[in-house]
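One structure below.
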Amino acid sequence: VASAVRSGMRDGNQFLAGGTDLLVNLRRGHGNPAVLVDLANIAELGGINCDALGAHIGCGVTLAALGASAPIRERYAAIVAAAESIAGPSHRNLATVGGNLCLDTRCVYYNQSEWWRQANGYCLKRGGTVCHVAPQGQRTRRGAPHSPQSFAPAGLSSLQASHFMSRSPPRCRAGTGP
């Protein structure tokens with residue numbers, strides 16, 4: 001784990017676990033990491049444990065595994081509902097809790113190819129001068145119903161998770177979650 005974290009934290013490198021967001025965006029030209037650090041097969045990142053203090057959920061746990069976990073289903077129905085509300089079943093089989101909490105949600109204008117952005121203008125998050133969602137504003141207005149904030153009402157954001165990547169910098173850089 002320590003070796004993977006050190007490697008992933010080097011400038012220009014990015015973590016990869018489920019890849020449901022990262023790989024799609026790399027194909028679209030959103031980023032060009034020097035190295036992708038694969039976290040998918042690190043067993044220590046995939047555990048789910050419940051004890052008297054609460055739930056300990058590893059950042060590599062898939063959303064499907066989280067939703068299917070008997071202890072989580074018994075004690076944290078809202079977390080199960082949140083996990084099951086994100087994307088479709090095939091994505092939940094790959095998408096990780098850590099990746100969803102670290103995900104930098106973006107609007108439809110950001111999630112376009114370089115060709116599209118050149119033709120239609122860049123948004124504020126990609127070096128442009130306007131937010132296409134709110135053109136009169138100078139701030140981005142982003143978000144999606146399947147964003148990691150879906151977990152917040154369920155209490156997941158306050159859980160202590162083993163080997164969990166914090167949502168705040170520098171350990172979880174925006175858009176580079178596993």
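The values are calculated or read from the model by the stated rules, or taken from the named source; none is laboratory data. Everything numeric here is computed off the predicted structure, so don't read it as measured data. In case anyone asks, the SASA skips ligands and DNA or RNA and just uses the protein heavy atoms, side chains included. Shrake-Rupley method; radii C 1.70, N 1.55, O 1.52, S 1.80 Å.
If I compute solvent accessible area with a 1.4 Å probe over the protein chains, what percent of it on the stretch 1-127 is carbon and sulfur?
Values: 3390 of 6400 Å².
Of all accessible area on the stretch 1-127, carbon and sulfur atoms account for 53 percent.
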From phi via Karplus (6.51, -1.76, 1.60), per-residue ³J(HN,Hα) for the stretch 121-128 in Hz, x at Gly/Pro: x, 7, 8, 4, 6, 10, x, x
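Would you mind classifying the stretch 1-103 by shape? Square roots of the alpha carbon gyration tensor eigenvalues, ordered a ≥ b ≥ c; an a/c under 1.5 is rounded, otherwise it is prolate if a/b is larger than b/c and oblate if not. Don't jump to the answer; show the numbers that get you there.
Values: a/c = 2.90, a/b = 1.56, b/c = 1.86.
Since a/c reaches 1.5 but b/c is at least a/b, the shape of the stretch 1-103 is classed as oblate.
Return the tail of the calculated pair distribution for the stretch 75-139, meaning the percent of Cα-Cα pairs more than 14 Å apart.
Details: 1407 of 2080 pairs.
For the stretch 75-139, the share of Cα pairs beyond 14 Å comes to 68 percent.
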Could you run the Debye sum over the Cα atoms of the stretch 21-64, one equal point scatterer each and no solvent, and tell me log10 of I(q)/I(0) at q = 0.17 Å⁻¹, two decimals? -0.65
